[in-house]
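As structure tokens, the structure follows; a few thoughts come after it.
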Amino acid sequence: MPPLPDMNAAEEIPPPAQPPINQDIFCQNCGYNLRTLTSDRCPECGRSLEGLRDSVSHIPWVHRKELGWFRAYWKTVWFVMFRQHDFCDEMARPVSYADSQGFRWVTVLFAYLPVLFADLILWIERMPNPSDDEIITLFWSNVELACVLHLGFLLFFAAATGLPGYFFHPRGVPRAQQNRAIALSYYACGSLSLLLVPTTAGMIWLHVGLDHWEGLLSLLLTAILPLALLAVWWLDLIHLARRLVPQRPARATGIATLCSLFWLILLGLCLVAIPALVLYVVAVFASFRL
């Protein structure tokens, strides 16, 4: 005689089906194409898809009217730097290009202000030139040429933050996905806003010198922290590229490599070539007056 069913046992009720995903969105864990999926988990690796199905953007900057722009900005920086998987999930929702550009320009401002403040402090305190190099001495003592160098910093931050967007429109990817990836690539530069920390460390190093441990520590932070912030930016771009074209991992590596190469080129143009050209022009005009 077969056993009687246990009437007290709770019946397993299957979870309700979700609306099918109607776009090419790939799982961040395994790269599985989630189009037409009606469940809450990836059938390949089991990752939760709850963040993908939310129709409201999780980027705090989008909600700056409710949060206030200052709070929304720094919450977005945290979101981009330390919640990269959630940040990449925004590829499943519409992303405002205008909002991303606004965030980018605020980041450019925050990245440049420490350079301006540091120079103002050095000028107010009349700190002596720490180098005997003729070029550094010339910029250190000449206000006009120092302004050219500041312009170079502004140009570099503006160009470097806008550059990644040119690499996020590969062939074979729907235009809507390309546009979202381009907009998100502008958010990825948020880590540059923390350049205030290494700039402050550099000021401490100039004031204290290298005879005390505070000066040595500040010199170490001045050298390492900018590289760490650039690395976070670089990793965000890799994650976005892998989310956009997971079937072509070499494409993500290529995007990261090209961005790094062009950043170095821009750095040389904006902080070396342009100031050197201005210096040459000034020297030529000065020679005519003699």
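Every number in this text was worked out from the coordinates using simple rules, so none of it is lab data. The shown structure was predicted, so the numbers you read here are calculated from the model rather than taken from an experiment. Neighbour counts are summed over all protein chains in view; Cβ atoms, including those assigned to glycine, are modelled from backbone coordinates with ideal geometry.
With 0.36 nm allotted per residue and the present C-alpha distance subtracted, the PHE82-LEU227 stretch has 50.5 nm of extension available.
Ordered by the count of other Cβ atoms within 10 Å of each Cβ, fewest first, ASP119, ASP89 give ASP119, ASP89. Take the Cβ atoms of THR253 and ASN33, set R0 to 25 Å, and the FRET efficiency comes out at 0.75. Amide hydrogen proximity for ARG41: with H placed 1.01 Å from N in the peptide plane, the residues at 5 or more positions away or on another chain lying under 5 Å are LEU49.
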